[in-house]
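S.K.: The following block contains the structure, expressed as structure tokens.
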Amino acid sequence: MLERFTWFRQSAYRWDGDGITVYIDPWEAEGPPADVIFLTHAHFDHYQPDEIARLRKDGTRIVAPADIAAELAGDVTAVAPGDALEVSGIRVQVVPAYNVAEERLEMHPKANNWVGYVLELSGGTYYHAGDTDRLPELESLRTDVAFVPIGGTYTMDVSEAAGLVRSMAPGLAVPMHYGFVVGEPSDGERFRAESAPVAVELLTPVRPFER
């Protein structure tokens, strides 16, 4: 279910299919111009205005939390946790993304209303968590594939992310947000081991790991 995804670095992905190109949190991304860009929050490794400008074309739609949406012109839809919408034929469920660990509370405050997304693409459902800790309201999400951060420091770490996917029980879990700003490349294999019996697939980023 991952053959149409390209992982660039951190949490940046491109999905191609059915005549549409989708980017999520693009950073050093490349490929065709975007039909839709999804943004999860305002930190530099997820939201880069120059990157968005480079990937846009006439008619590109952008979906983003309200604080980012207020900074962007064009066809921009502001969203908040709990929203459901359809964008360019893609059904979208907007879910919360924030920190609950004491040492991380100021990094992704709940009050910011930053987000993750469950996207329906070609009949499959794909959860992109953004930057988040393990949250009770995420454990009931149902998705075919779960892209989750595992790097720790700013988000849940390997063990916390593994606990989340075991509770969610997706068909497949994919780690992200490691090997660049935080987390070691070896964390992917640790996540695979700790997530059992949930199946895990490790993608190779286009940009080489930096740690």
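Only the coordinates and a few stated rules stand behind these numbers; no lab work does. Note that this is a predicted model, so its numbers are computed, not measured. Glycine gets a Cβ as well: all are built from the backbone with ideal geometry, and neighbour counts include every protein chain shown.
S.K.: Just how large is the dipole of the range 5-195 about the Cα centre, in debye to the nearest 20, putting +1 at every Lys and Arg Cβ and -1 at every Asp and Glu Cβ? Write out the running numbers ahead of the final one.
M.R.: Values: 14 positive and 30 negative charges, 65 e Å.
The calculation lands at about 320 debye.
S.K.: Could you give the length gained by full extension between ASP67 and SER159, i.e. 0.36 nm per residue of separation minus their alpha carbon distance, to one decimal place?
M.R.: Working: separation 92, 0.36 × 92 = 33.12 nm, distance 3.09 nm.
Separation in residues times 0.36 nm, less the Cα-Cα distance, equals 30.0 nm.
S.K.: Starting from the amide H of ASN99, placed 1.01 Å from N in the peptide plane, find each other amide H under 5 Å away whose residue is 5 or more places distant or on another chain.
M.R.: Under 5 Å from the amide H of ASN99: HIS108, LYS110, ASP133.
S.K.: Please give the length that would be gained between GLU201 and ASP83 if that part of the chain were fully extended, namely 0.36 nm times their separation in residues minus their C-alpha to C-alpha distance (nm, one decimal).
M.R.: Numbers: separation 118, 0.36 × 118 = 42.48 nm, distance 2.88 nm.
Here the segment from GLU201 to ASP83 would lengthen by 39.6 nm.
S.K.: Another one. Calculated from DSSP H runs of 4 or more alone, at -39500 (n - 2.57) each and per residue, what is the 222 nm mean residue ellipticity of the chain, nearest 500? Could you put the intermediate results ahead of the total?
M.R.: Numbers: 4 runs with 31 residues, N = 211.
About -4000 deg cm²/dmol.
S.K.: Ok, one more. Take peptides 64-73, 37-46 and line them up by average Cβ neighbours within 10 Å, highest first, as a rough protection proxy. All intermediate terms of the calculation are to be shown ahead of the outcome.
M.R.: Values: 64-73: 15.6, 37-46: 20.8.
Final packing ranking: 37-46, 64-73.
S.K.: Report the net charge of residues surrounding THR125, where surrounding means a beta-carbon distance below 12 angstrom and charges are Lys +1, Arg +1, Asp -1, Glu -1. Numbers along the way, then the final one.
M.R.: Details: positive: ARG91, ARG142; negative: GLU120, ASP144.
Its environment carries a net charge of 0.
S.K.: If you don't mind, there's one more thing I want to ask. Taking square-rooted eigenvalues a ≥ b ≥ c of the alpha carbon gyration tensor, is the range 69-155 rounded, prolate or oblate, where a/c under 1.5 means rounded and, failing that, a/b exceeding b/c means prolate? Display every interim value, and only then the final one.
M.R.: Numbers: a/c = 2.21, a/b = 1.29, b/c = 1.72.
Because a/c hits 1.5 or more and a/b fails to exceed b/c, the range 69-155 counts as oblate.
S.K.: Measure nothing fancy, just the Cα-based angle from helix 158-168's long axis to the longest principal axis of the chain, in degrees from 0 to 90, nearest 10.
M.R.: 70 degrees
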